[in-house]
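The structure under discussion appears below in the form of structure tokens.
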Amino acid sequence: MLSATAQELRDQQECGELSSVEITSVCLDAIDEHNEKLNAFLTFDRDDALQQARRIDERRAAGETLGPLAGLPVAIKDNICIEGVTTTCASRSLENFRPPYSAHVIDRLRNAGAVLLGKTNLDEFAMGSSTENSAYGPTRNPHNLDCTPGGSSGGSAAAVAASLVPLAVGSDTGGSIRQPAAFCGIVGMKPTYGRVSRYGLVAFASSLDQIGPFARDVTGAAMLLEGLAGYDDRDSTCINQPVAKYSQTVDQPLEGLRIGVVKEYLEHDLDDGIRSSMATSMDIYRSLGAEVKAVSLPHANYSVATYYLIGPSEASSNLARYDGVHYGHRSSEFDDMIDMYCASRGEGFGAEVKRRVMLGTYALSAGYYDAYYLKALKVRRLIRNDYDAAFQEVDVIASPTTPHTAFQLGVMSDVPLSMYLSDLFTIGCNLAGIPGISIPCGVGNDGMPIGLQLMGRALEEETLFRAARMFERETDWHQRRAAL
């Protein structure tokens, strides 16, 4: 059960070989056994999860029509609100916060029959690329416990890679689903901006954040995105377009597929294993009849600088509400109101959150707004134009997901710029608002997983799933499991 895919587990329930209670119990036992060393889950409620599973089994036995995720355990990143369940964003400032409402995606998952298993660890307020910025300790990579699982959705990625749960939900602001998916050797997708409602997602950078799926294979990710995606009028940026049946078309190969390889990315310093895996992956696509050609994203090298102006600026605004008055941590020692604000935020926020809030506040300040934030918005438009031009020539854009494999915990924590540069290949997708998926495509010289990133036109998640599944059918990298 622990190594089975989401589709296999669903099929086994439908034919009566397994029950949701059995699947959920096995996942909970695995969490009990392994979470102490992984630190993937921050909270989970055994009794509540089993109660959800029993209800699904009872409804199935009664012959009721169930949703597409019926009986499947799903882990939730701890920056997504569930009514009455502690939602910390891995920050001391929210350690006692229990939301009075649930996120739109939580309602959709429940309607689809999913069993919500627990909340997973992350970089504080989703700000980071290693899950080392969590106030509750780092998550470890199940392939090597000395290494990071990536971030900020490291807990969700590690939980799936360690076979603690078949499916998990994360959020992606600059690569926070795709980078940990690559580091952990699983599948992770960032949908088109607006494809999934952000209602109930605690905001980091509102024009970049997007919720998406983790799974062991492409079909599982397609199943989960079907459950997550859909229009919500409570999110003004949510797109009112029908959601395709991704899981029903994922096995249909794409005829005449044109793949563009980003030449600017290949000019960077890549691990030898990643460069080799990238070349091999393109050879596999050629053998399947795809045309592979080089494409240019001329402003790609400006994406990190652009992101680290826009993202922190929006974070500065979004995090202004955590003042110790309305909600959030309040210091017990202060002299006056200003001192209370300073002490509460100083105690509640970690170093990386403080760094980004200060960067954003500076970029938005009088005299610097035009020079930094406004200019970053203009460059963002140029980056989007680069993708639009490339998609005139190709159907899918390919690149490595990361320039290196998972690094050891602590190696980059004192060098923020190096950590930021590790997101170079994923950030452009968020700035342009297009979908991107990372699929396992090899292992590095250190034995750690390597990810292949595919990017598509806005709202063409179906194309990405089909293109990714073409590759997956020809390889067995997605079958590799971490041996804890």
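The values are calculated or read from the model by the stated rules, or taken from the named source; none is laboratory data. Just so it is clear, the model here is predicted, and its values are computed rather than measured. Cβ atoms come from the backbone with ideal geometry, glycine included; neighbour counts cover every protein chain shown.
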- Note on the structure: Counting only residues that are in contact with a His (Cβ under 6 Å, 6 or more places away or on another chain) and under 29 Å from Arg469 (Cα atoms), the stretch 193-225 contains a total of 2
- Test: Ser25 is in a loop (DSSP other than H, G, I, E, B), buried (at least 17 other Cβ atoms within 10 Å of the Cβ) and among the hydroxyl-bearing types (Ser, Thr, Tyr): no
- Task: Inspect the stretch 372-388 for any residue being small (Gly, Ala, Ser), assigned to a helix (DSSP H, G or I), surrounded by fewer than 18 Cβ atoms within 10 Å (Cβ to Cβ) and modelled with pLDDT of 95 or more and give the result as yes or no.
- Result: no
- Message: Could you check the stretch 389-413 and list, in sequence order, the residues that are among the aliphatic types (A, V, I, L, M) and either exposed (fewer than 14 other Cβ atoms within 10 Å of the Cβ) or free of Cβ contacts under 8 Å to residues at least 24 places away in the same chain (or both)?
- Response: Ala389, Val411
- Taking interchain pairs and intrachain pairs at least six residues apart, which have beta carbon atoms under 7 angstrom, with the first residue in the stretch 335-348 and assigned to a helix (DSSP H, G or I) and the second loosely packed, with under 12 Cβ neighbours inside 10 Å? Ala343/Glu333
- Message: Taking the criterion of being under 25 Å from Glu460 (Cα atoms), surrounded by 24 or more Cβ atoms within 10 Å (Cβ to Cβ), in contact (Cβ under 8 Å) with a residue 40 or more places away in the chain and among the hydroxyl-bearing types (Ser, Thr, Tyr), would at least one residue in the stretch 199-218 satisfy it?
- Response: no
- Only one of (1) loosely packed, with under 13 Cβ neighbours inside 10 Å; (2) more than 27 Å from Gly444 (Cβ to Cβ); (3) out of contact with any Gly (no Cβ under 8 Å at 6 or more places or on another chain) fails for Gly289. Which number is that? (3)
- Message: Kindly evaluate Ala294 against the criterion of being surrounded by 22 or more Cβ atoms within 10 Å (Cβ to Cβ) and more than 30 Å from Ala320 (Cα to Cα).
- Response: no
- Would you say Ser422 is over 27 Å from Ala294 (Cα atoms), hydroxyl-bearing (Ser, Thr, Tyr) and in contact (Cβ under 8 Å) with a residue 60 or more places away in the chain? no
- Being part of a strand (DSSP E or B) and polar (S, T, N, Q) is the filter; apply it to the stretch 389-419 and report the residue that is farthest from Lys293 (Cα to Cα). Gln408
- Qualifying residue in the stretch 447-468 (condition: free of Cβ contacts under 8 Å to residues at least 60 places away in the same chain and either farther than 22 Å from Glu226 by Cβ or assigned to a helix (DSSP H, G or I) (or both)): no
- Task: Test Leu297 against the criterion of being in contact (Cβ under 8 Å) with a residue 24 or more places away in the chain, part of a loop (DSSP other than H, G, I, E, B) and in contact with a strand residue (DSSP E or B) (Cβ under 6 Å, 6 or more places away or on another chain), and give yes or no.
- Result: yes
